[in-house]
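This report refers to the structure that appears directly beneath it.
The values are calculated or read from the model by the stated rules, or taken from the named source; none is laboratory data. Just so it is clear, the structure is predicted and the values come from calculations on it, not from any experiment. Backbone-built Cβ (ideal geometry, glycine too); neighbour counts: all protein chains shown. Side chains are part of the model used for accessible areas, which takes the heavy atoms of the whole protein and leaves out ligands, DNA and RNA. Shrake-Rupley method; radii C 1.70, N 1.55, O 1.52, S 1.80 Å.
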Amino acid sequence: MKLLSLSRLAAASALILGAVAAHAVPVALTSWTAESTPKLGDQPNAQWVVQPGGTSVKETTNGQPTFFYSDFNAGGKVITADVKAGSADDDFVGFVIGFDPGEATSASAQYLLIDWKKTDQFHNFAAPSTVAGSTAQRGLAISLVQGAPQADQFWGHGSGITELFSNTTPWAPASTYQFSFTVLANTVTVGLNGSTLYTAQGSFGEGRFGFYNFSQANALYGNVQVSPVPEPETYALMLGGLLGVGFMARRRAGHHRG
């Protein structure tokens, strides 16, 4: 008996997650919570505005690192969400996994940060940030945040922010991107537009899912879909069914050729 290749197994898994997402429940954002790091002296306060219909939200100001997080824990769920950075500016949009209320300013915080920058850029933020300025790197990064980093540390991924994955691909103006997050007991798999980016090791499921913004005014977030991760037995049955369909298709193809 031939073993299934890793690439074919990954493809089958993607089909399963797609089937799960197709039956996901749309999420209203009206009971979500906004939370931010301290206001920066040279920027306005962050402002999250839920849009008509209640399923999308816009961060309207060029402000400090800020979060807009769910009223449910992320653990055991497949979550998809869209983000559009807008046509102006070139700063950060993103998401958080495992974020607990109060962690924007908590010394004991620990959560997963997915942030995405359009261009390389040096900046030195005003008080209350007291550390040196830094350069934000173009591209998408997945990082472990510990404690309460200051604005310059969020900006340049300094102390308190440990990168686990990064690339140099910028976001494109006025483009909508769909992210996916599969949150298991000890792993979080992050996907973008149907392709897996990275699987992070760690227990983040007891915290919330949320949006992240840093100095990117008028970024739009929404279309959140949530469904439970299939139980192992269900997953195995679904996988077996997909493989069986593939096997029968190959048999039929072979019969027609013969």
Per residue, what accessible area does segment 112-222 have, given a 1.4 Å probe and all protein chains present, in Å²?
-> 40
Could you give the length gained on full extension between Asn193 and Thr105, defined as 0.36 nm per residue of separation minus the Cα-Cα distance, in nm?
-> 28.5 nm
Anisotropy class of segment 41-112 from Cα gyration tensor, a/c 1.5 cut = oblate
How many nm is it between the label spots at Asn186 and Ala132, if each spot is 7 Å from the Cα in line with the beta carbon?
-> 3.9
Heavy-atom accessible area of Trp48 with all protein chains present, probe 1.4 Å, nearest 10 Å²?
-> 30
How much accessible surface does Ser134 have with a 1.4 Å probe, in Å² rounded to 10?
-> 20
Ranking by accessible area, most exposed first, for Tyr111, Tyr177 with a 1.4 Å probe = Tyr177, Tyr111
Simple SL model, points at 7 angstrom along Cα→Cβ for Lys39 and Asp71; separation in nm is 2.7
Keeping all protein chains in position, work out how much accessible area Phe122 exposes to a 1.4 Å probe, and write it in Å² to the nearest 10.
-> 130
FRET E, pair Asn167, Gln51, Förster distance 35 Å, beta-carbon r, rounded to 0.05 | 0.70
Of all the accessible heavy-atom surface of segment 102-178, with the other protein chains kept in place and a 1.4 Å probe, what percent is carbon and sulfur?
-> 49
Distribution output for segment 38-157: share of Cα-Cα pairs per 10 Å bin in percent, first bin at 0, values 12, 42, 38, 8, 0
Ranked order, Glu35, Glu206, Glu163, Glu231 - accessible area, probe 1.4 Å, largest first | Glu206, Glu231, Glu163, Glu35
Ordering Lys84, Lys77 by how much accessible area each has at a 1.4 Å probe, largest first, what is the list?
-> Lys84, Lys77
Could you let me know the centre-to-centre spacing of segment 69-94 and segment 156-186, using Cα atoms, in angstrom?
-> 10
